[in-house]
Structure formats: C-alpha cells, structure tokens
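S.K.: Would you mind keeping the following structure in view while I ask a few things?
The values are calculated or read from the model by the stated rules, or taken from the named source; none is laboratory data. Only a predicted model underlies this, so the values are computations on that prediction, with no experimental measurement involved. Cβ sites come from the backbone with ideal geometry, for glycine too, and all protein chains shown count toward neighbours.
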Amino acid sequence: MHDFDPEALKRRKICFSNPSAEEIRRIVETLESLNRVAVRRCADGACVEVAYDLREHTCEELEAALAREGFQLDSRFPNAVRRHLVHYTEEIERDNLSAPTRENRYLQIEASVNGKYHQQIEREHPLPPEDLRGYF
C-alpha cells in the first residue's frame, strides 16, 4: 500500500451511473495506474473508494481522468452537489497546505519590519558625501 502523509490524505467515494462489473474493473485499473492513489471496490458495486495524497491529486483530477476514459459519473443531484463541495474544499485545503506556518509567518513579518526600519534610518539620517565625511 502507499505511505500517505496524514495531513494530506483524502478518502473519497466516487459513484458511477450503472457500471458493469467489467467497467468497475477498468475503473480500478485506471485509478491504480496513477501515482499515490489507492483504490477499493465498494460493496454496492456502483462506487469505488479512493485514497490519495492531496498534494499530488484532487478528486476533480481523478474524476477528469475517469471521464477521459469514457466512464459516466453519477450525476444525480445529491451526488453532483457533494462532488462540487468536495472540489471546492480540496482547492482551499490545497492552498492552505502551501501556506506558511505561523512561526514562519512571524519570521517573515519580523524580517520585513527590520528591513523597513533600516531603510527609514538611512532616509532620515543619510551619510554625508564621501568627500565631506572627514569633516564630520
């Protein structure tokens, strides 16, 4: 099995419109061919459960790969709403995973403030021209 980062691990259920047993087998093969994706058939036979690293894939990307292969996702209203909600939350989570930590952010702010302070000192109290420095 894959070793997933617990912070970025996502488990989703992807449902299809009336898939045959052969189509489910091909769906599993298609998803398993992707890097760092684990797939398992569901008991109901119309869905698969996937586990993936959010840093490498999103549910939307996995669904797009399946759609390119010609598989029909279940487009009934509750499933469509759930899918769009998942796509939105994963986009936000992916952005947050790349955001700096609180400690790094404080260091960035401190470095910015210190740099601006030194620039202000140089503007308010500039050094005299080099030829006059000996007189001051």
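S.K.: Tell me, yes or no, whether region 84-96 has at least one residue that is closer than 19 Å to LEU9 by Cβ and buried (at least 17 other Cβ atoms within 10 Å of the Cβ).
M.R.: Yes; the residues of region 84-96 include at least one that is closer than 19 Å to LEU9 by Cβ and buried (at least 17 other Cβ atoms within 10 Å of the Cβ).
S.K.: Being under 18 Å from the mean Cα position of the chain (by Cα) and not in a loop (DSSP other than H, G, I, E, B) narrows it down to one residue among LEU66, LEU85; which is it?
M.R.: LEU85 is the lone residue from the list that is under 18 Å from the mean Cα position of the chain (by Cα) and not in a loop (DSSP other than H, G, I, E, B).
S.K.: Still on this structure, please answer the following. How many of the residues in region 10-23 are out of contact with any strand residue (DSSP E or B) (no Cβ under 6 Å at 6 or more places or on another chain) and either surrounded by fewer than 16 Cβ atoms within 10 Å (Cβ to Cβ) or in a helix (DSSP H, G or I) (or both)?
M.R.: 6
S.K.: Counting only residues that are on the phi < 0 side of the Ramachandran plot, exposed (fewer than 13 other Cβ atoms within 10 Å of the Cβ) and either free of Cβ contacts under 8 Å to residues at least 24 places away in the same chain or touching a strand residue (DSSP E or B) at 6+ places or on another chain (Cβ under 9 Å) (or both), how many does region 61-83 have?
M.R.: Qualifying residue count for the region: 9.
S.K.: Can you tell me which residue in region 1-57 is farthest from ARG82 (Cα to Cα), limited to those that are under 21 Å from the mean Cα position of the chain (by Cα) and touching a residue at least 60 places away in the same chain (Cβ under 8 Å)?
M.R.: Of everything passing the filter in region 1-57, GLU7 is farthest from ARG82 (Cα to Cα).
S.K.: Here is a list of conditions, (1) closer than 25 Å to GLU91 by Cβ; (2) part of a helix (DSSP H, G or I), and PHE4 meets all of them except one; can you say which number that is?
M.R.: (2)
S.K.: Still on this structure, please answer the following. Of the conditions (1) part of a helix (DSSP H, G or I); (2) at pLDDT below 95; (3) out of contact with any helix residue (DSSP H, G or I) (no Cβ under 9 Å at 6 or more places or on another chain), ASN35 clears all except one; give me its number.
M.R.: With (1) part of a helix (DSSP H, G or I); (2) at pLDDT below 95; (3) out of contact with any helix residue (DSSP H, G or I) (no Cβ under 9 Å at 6 or more places or on another chain) applied to ASN35, the lone miss is (1).
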